[in-house]
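Enquirer: After the structure tokens below, expect a handful of questions from me.
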Amino acid sequence: MNRPIIALVLSTALMTAGTAQAALPSEATLYKNPQCGCCDAYARHLKTLGVSVTIVDDVEVGSIKMKAGLPYGLGACHTTLMGDYAIEGHVPLVAVEALFEQQPDIDGIGLAGMPIGTPGMPGPQQAPWDVYQFTDQKSQPFMTL
């Protein structure tokens, strides 16, 4: 392979690698119960992606979930508003990155409950994580990890 082609391949790879990171908003607001420590741990995971996270723990989290369009019964311990999307619960960071890469016309994505092994929840993954997407309180699959 000659040098110009190698340079082109390397520069394309570097630009592509930076695209996913650049697609993420620089700020997020995480709404949680004041006593929930796993939510703080999830915020730290977002910070590893370069996102500045504001934690709000003095509001009625249910009203935030309702305004976000979260489907009934698919809630988790915290709701994060990031860019034009809501992220419900301990959604793995690869799914958050995919959301902002794809930018679908939805209200957000979520992972119901508090599955072990997800960001902020200690322990090894015990089952596949079914991340859903939602709009107007209706859900459908987004990805399984």
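A short reminder: the numbers here are calculations on the coordinates, not readings from a lab. Just so you know, these numbers come straight off a predicted model, no measurement behind them. Neighbour counts run over all protein chains shown; Cβ positions are idealised from the backbone, glycine included.
Enquirer: Could you pull out every one of the lysines with an alpha carbon less than 17 Å from that of LYS65, ignoring same-chain neighbours closer than 8 positions?
Expert: Straight-line reach from LYS65, under 17 Å: LYS32, LYS138.
Enquirer: Where both residues lie in region 3-144, what percent of DSSP beta bridges are antiparallel, nearest 5?
Expert: Restricted to region 3-144, the bridges split so that about 70 percent are antiparallel.
Enquirer: Same structure, new question: Tell me, what HN-Hα J-couplings in whole Hz come from the Karplus equation 6.51 cos²θ - 1.76 cosθ + 1.60 at θ = phi - 60° for each residue of region 131-138, using x for Gly and Pro?
Expert: Each residue's phi maps through the Karplus curve to give 7, 10, 10, 9, 8, 6, 6, 10 Hz.
Enquirer: Taking K and R as +1 and D and E as -1, what net charge do the other residues with C-beta under 13 Å from the C-beta of ASP84 add up to?
Expert: Result for the local shell: -3.
Enquirer: May I pose another question? Return the long-range amide H neighbours of ALA86 (sequence gap of 5 or more, or a different chain), with a cut-off of under 5 Å between placed amide H atoms.
Expert: HN-HN under 5 Å from ALA86: GLY108, ILE109.
Enquirer: From the backbone phi of region 28-35, what are the Karplus-calculated ³J(HN,Hα) couplings (6.51 cos²θ - 1.76 cosθ + 1.60, θ = phi - 60°) in whole Hz, Gly and Pro given as x?
Expert: 8, 10, 10, 9, 8, 6, x, 8
Enquirer: Separate question: Lys and Arg at +1, Asp and Glu at -1: add these up for the other residues within a Cβ distance under 13 Å of MET66 and post the number.
Expert: That sum, taken over residues with Cβ under 13 Å, equals -2.
Enquirer: Counting other C-beta atoms within 10 Å, which of HIS78, HIS45 has the fewest, and how do the rest follow?
Expert: Ordered from fewest to most neighbouring Cβ atoms within 10 Å, HIS78, HIS45 come out as HIS45, HIS78.
Enquirer: I've got another one for you. If you stretched the chain out fully between GLN125 and LEU145, how much longer would it get, using 0.36 nm times the residue separation minus the C-alpha to C-alpha distance?
Expert: 6.2 nm
Enquirer: OK, next. Can you work out the Karplus-derived ³J(HN,Hα) for every residue in region 68-75? Use 6.51 cos²θ - 1.76 cosθ + 1.60 with θ = phi - 60°, whole Hz, and x for glycine or proline.
Expert: 6, x, 5, x, 4, x, 10, x
Enquirer: Using R₀ = 22 Å, calculate the FRET efficiency as 1/(1 + (r/R₀)^6) where r is the Cβ-Cβ separation of ASN33 and ILE116; round to 0.05.
Expert: So the FRET efficiency works out to roughly 0.70.
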